[in-house]
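Could you have a look at this structure, given as structure tokens, before my questions?
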Amino acid sequence: MAGSSAGIVAGLTGVALTAVGFLAYQASATVPEGLAGTSSGASTAATAPAVERDRNHPTALPSGAGTGPRVVYALSDDRVWLVGEREKVRRTYRVTPSTIDPEPGSYLVTSRTGNTAGSDGVGIEHVVRFASQDGVSIGFSAAVNGSTRPPDRTRRTGGIRSTRPDGDAMWQFAVINTPVVVIP
């Protein structure tokens with residue numbers, strides 16, 4: 001009997017945490033433009049890291065993009081690096097950017113959602129949010145249908161899309177408060 005009670009409590013806790021995460025996302029995604037800041041949990045663009053890139057090796061981790069375990073997102077290359085202990089790159093991959101880019105700088109993962117619908121109506125999974133720009137939440141996700149097509153440029157979106165395997169890797173790596181370094 002005690003084992004089944006623990007399972008019920010664990011299940012209810014999981015449902016409650018999912019609901020809170022979803023409600024937090026909805027609240028952050030619907031803040032009126034006049035009340036929203038330019039970013040959430042971020043440094044300003046003035047403190048963006050100065051990085052050096054090896055243009056002959058585009059998959060090489062840029063130097064100067066932070067230290068310690070972190071996610072590095074290069075806006076100009078639409079590339080992500082998952083960096084573990086001792087600066088070891090666990091994975092790097094290309095992404096499809098959203099219509100709104102985060103400002104270069106340092107952020108923290110602020111929320112995560114397992115499954116939801118994207119602003120384009122496509123089912124998405126493994127949503128990892130780290131910024132907000134002009135009232136739009138910005139984060140990494142993967143479309144459940146595997147699509148990585150570019151977003152409708154007439155809409156304001158913050159979803160940075162990856163393949164499902166890359167989205168799984170991000171989900172496993174980027175827990176709440178994981179640093180995210182955005183570079184130009």
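The values are calculated or read from the model by the stated rules, or taken from the named source; none is laboratory data. Since the structure is predicted, the reported quantities are computational estimates derived from the model, not experimental observations. With ideal geometry, Cβ positions are generated from the backbone for all residues, glycine too; neighbour counts draw on all protein chains shown. These area figures cover heavy atoms from the full protein model, side chains too; ligands, DNA and RNA do not enter into them. Shrake-Rupley method; radii C 1.70, N 1.55, O 1.52, S 1.80 Å.
Going through D134, D152 one at a time, which residue ends up being in contact (Cβ under 8 Å) with a residue 60 or more places away in the chain, open to solvent by 10 Å² or more (accessible area, probe 1.4 Å), of a type in the set (D, E) and farther than 24 Å from V51 by Cα?
D134
Kindly evaluate T178 against the criterion of being of a type in the set (S, T, Y), open to solvent by less than 30 Å² (accessible area, probe 1.4 Å) and either more than 17 Å from L75 (Cβ to Cβ) or out of contact with any strand residue (DSSP E or B) (no Cβ under 8 Å at 6 or more places or on another chain) (or both).
Spelling it out, T178 is indeed of a type in the set (S, T, Y), open to solvent by less than 30 Å² (accessible area, probe 1.4 Å) and either more than 17 Å from L75 (Cβ to Cβ) or out of contact with any strand residue (DSSP E or B) (no Cβ under 8 Å at 6 or more places or on another chain) (or both).
Here is a further query. Looking only at the range 47-65, filter to residues that are assigned to a loop (DSSP other than H, G, I, E, B) and open to solvent by 60 Å² or more (accessible area, probe 1.4 Å); which one of those is farthest from I138 (Cα to Cα)?
N56
Separate question: Provide a single number: the residues in the range 155-175 that are at pLDDT 95 or above and loosely packed, with under 14 Cβ neighbours inside 10 Å.
Count: 3.
Could you check the range 88-115 and list, in sequence order, the residues that are open to solvent by less than 60 Å² (accessible area, probe 1.4 Å) and farther than 13 Å from F140 by Cβ?
V89, T92, T99, I100, P104, G105, S106, G114
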